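Scroll down for the structure; my scribbles are underneath it.
The values are calculated or read from the model by the stated rules, or taken from the named source; none is laboratory data. The structure displayed is predicted, hence computed values, not measured ones. Reconstructed Cβ throughout: ideal geometry from the backbone, glycine too, with neighbour counts over all protein chains shown.
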Amino acid sequence: MRRVVITGMGIWSCLGTDIETVTQSLRDGKSGIGIEQQRLAYGYRSGLTGIVEKPVITKQMLDRHTRAGMSEEAQYAYMASRQAFAQAMIDDEYLLHNEVGCIFGNDSSAKPVIETSKIMDEKHDTALLGYGLIFQSMNSTVNMNLSTIFHLRGVNFTISAACASGSHSIGLGAMLIRQGLQDVVLCGGAQEVNFYSMASFDALGAFSVRMDDPTRASRPFDRDRDGLIPSGGAAALVLEDYDHAVARGAQILAEVAGYGFSSNGGGISQPSDEGSVTAMSRALKDADLTPDDIDYINAHATSTPQGDMFEAIAIDRLFRGKHALVSSTKSMTGHECWMAGASEVVYSIIMMHNDFVAPNINFENPDEHSEHLNLALSTTEARVNTVLSNSFGFGGTNSALVLCKQ
């Protein structure tokens, strides 16, 4: 079985729009969460959101025709992918003469769908919809744009698996490389942050309403957590066969050593400690590691009462008494939804290469389930050679990845 390594990564998030800025944010425990008044005016209960810089994509970068077909999340993914390819030393010449695949996690494209509906309701004329809205409105908007822009001729599809989408994209990309079906796959996740996209989440009462102090609103595992904060952007990773990467002289950032998955088989929004344990255990077995071998767990914990509770139970079942430090970077980023599984791999690799564990900020009081966790409550200097990264989503989908430093 071939080994799978990561040779490039890129990030566009509320913590920053390049690896250096994000590294500093993680080390400083800096939150990227704020208030968007437009959400409150639109009718949201909560105006809290991750504040993500809008990309400026010029005509020197892409022609007008291409830009017209790019959704918000496709723009984020394009910017992140540029970074990832640059770090992997993959240029236009390489892309034109070698087969590269593309698997991205994305589970919505709300804004162009709503814009299309508004035009039709008002004008009743499809001729006024223009060229780009169809390509913006499909869930596959990210893949179709990236594959066109970068001339990608390998595997090309979108993973729609709720908040585990980005993680599953990496797991499936790794499986294809292991099996010898691809040498290089661009993987990642992207999430729109416009206010149209999250109204139905707000309707569930899933969001924190702690608007008096936005940067302290996301409180994973804390007894007084009151809900998640939506966020987004994009993360991109270049996955590659180990021998292929060595032959190219590429820098190897980490190995994707294990991938585990499961489905809870219960209520559509009901988390499960059993499903979480199954995914984590499968990832460890796939990597031929045990809980004793893991240095850091990047928890899925989104700051919801039930979700954090069941994950805490699951982590405790496998890791009580072990040395692995635990934190949820969502305490700083909010919940990056479809991109979270990919961005948290980027965050974890940053920690690996800079010898620290980012803090689980805003944790003040444990509850009966989190009190047993080995939480990093402040930035902790540590050698991080192995990481377990968890991602869970609506519909009971669970994904876990094991990363090893090279």
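So which residues in the stretch 83-108 are more than 15 Å from A250 (Cα to Cα) and among the aromatic types (F, W, Y), if there are any at all?
F104
Taking the condition free of Cβ contacts under 8 Å to residues at least 12 places away in the same chain, of a type outside the set (S, T, N, Q) and surrounded by fewer than 24 Cβ atoms within 10 Å (Cβ to Cβ), does E364 pass?
no
With the requirement that a residue be in contact with a helix residue (DSSP H, G or I) (Cβ under 6 Å, 6 or more places away or on another chain) and of a type in the set (S, T, N, Q), what does the stretch 47-77 give you?
The one that is in contact with a helix residue (DSSP H, G or I) (Cβ under 6 Å, 6 or more places away or on another chain) and of a type in the set (S, T, N, Q): S71.
Within the group A324, A299, which residue is buried (at least 20 other Cβ atoms within 10 Å of the Cβ), touching a Phe, Trp or Tyr at 6+ places or on another chain (Cβ under 9 Å), within 23 Å of A162 (Cβ to Cβ) and of a type in the set (G, A, S)?
Just one listed residue meets the conditions, A299.
Quick check on this structure: which one of Y94, Y78, Y131 is surrounded by fewer than 18 Cβ atoms within 10 Å (Cβ to Cβ) and in contact (Cβ under 8 Å) with a residue 60 or more places away in the chain?
Selected residue: Y131, the only one of Y94, Y78, Y131 that is surrounded by fewer than 18 Cβ atoms within 10 Å (Cβ to Cβ) and in contact (Cβ under 8 Å) with a residue 60 or more places away in the chain.
Which one of D243, D273 is over 13 Å from A88 (Cβ atoms) and touching a Phe, Trp or Tyr at 6+ places or on another chain (Cβ under 6 Å)?
The unique qualifying residue is D273.
Before we move on, is T158 within 20 Å of M79 (Cβ to Cβ) and in a strand (DSSP E or B)? Give the steps one after another, and end with the answer.
Values: within 20 Å of M79 (Cβ to Cβ): yes; in a strand (DSSP E or B): yes.
Judged against the criteria, T158 is a match.
Working only within the stretch 257-286, note down all residues that are aliphatic (A, V, I, L, M) and under 15 Å from F319 (Cβ atoms).
Passing the criteria: V277, A279, M280, A283, L284.
Select from the stretch 204-243 the residues that are aliphatic (A, V, I, L, M), surrounded by fewer than 20 Cβ atoms within 10 Å (Cβ to Cβ) and over 14 Å from R39 (Cβ atoms) and list them in ascending order. Please lay out each step first, then the result.
Within the stretch 204-243, the first condition is being aliphatic (A, V, I, L, M), and the residues that meet it are 204, 206, 209, 211, 217, 228-229, 234-239.
When the remaining residues are screened for being surrounded by fewer than 20 Cβ atoms within 10 Å (Cβ to Cβ), the result is 204, 209, 211.
Selection gives L204 alone.
Would you point out the residue of the stretch 105-157, among those that are of a type in the set (F, W, Y) and modelled with pLDDT of 95 or more, that is farthest from S169 (Cα to Cα)?
It comes out as F135.
Restricting to the stretch 1-55, give me the number of residues that are at positive phi and in a helix (DSSP H, G or I).
Qualifying residue count, the stretch 1-55: 0.
Quick one: is M1 surrounded by fewer than 17 Cβ atoms within 10 Å (Cβ to Cβ), in contact with a helix residue (DSSP H, G or I) (Cβ under 8 Å, 6 or more places away or on another chain) and either at pLDDT 95 or above or not small (G, A, S) (or both)?
Spelling it out, M1 is indeed surrounded by fewer than 17 Cβ atoms within 10 Å (Cβ to Cβ), in contact with a helix residue (DSSP H, G or I) (Cβ under 8 Å, 6 or more places away or on another chain) and either at pLDDT 95 or above or not small (G, A, S) (or both).
If you check T329 against the conditions, is it under 17 Å from the mean Cα position of the chain (by Cα), modelled with pLDDT of 95 or more and closer than 25 Å to G171 by Cα?
Judged against the criteria, T329 is a match.
Residue check: is M70 outside any strand (DSSP E or B), over 15 Å from the mean Cα position of the chain (by Cα), at positive phi and among the aliphatic types (A, V, I, L, M)?
The answer is no for M70.
What number of residues within the stretch 193-242 satisfy the criterion of being free of Cβ contacts under 8 Å to residues at least 12 places away in the same chain and assigned to a strand (DSSP E or B)?
0
Evaluate the stretch 264-276: report whether one residue or more is more than 18 Å from the chain's Cα centre (by Cα) and among the hydroxyl-bearing types (S, T, Y).
Checked the stretch 264-276: at least one residue is more than 18 Å from the chain's Cα centre (by Cα) and among the hydroxyl-bearing types (S, T, Y).
What number of residues in the stretch 385-406 are under 17 Å from K330 (Cα atoms) and among the hydroxyl-bearing types (S, T, Y)?
Here the count works out to 3.
Evaluate the stretch 118-136: report whether one residue or more is within 17 Å of the chain's Cα centre (by Cα) and either more than 21 Å from V346 (Cβ to Cβ) or not in a helix (DSSP H, G or I) (or both).
No, that holds for no residue.
Checking I114 against (1) surrounded by 16 or more Cβ atoms within 10 Å (Cβ to Cβ); (2) in contact with a helix residue (DSSP H, G or I) (Cβ under 6 Å, 6 or more places away or on another chain): exactly one of these is not met. Which one?
With (1) surrounded by 16 or more Cβ atoms within 10 Å (Cβ to Cβ); (2) in contact with a helix residue (DSSP H, G or I) (Cβ under 6 Å, 6 or more places away or on another chain) applied to I114, the lone miss is (1).
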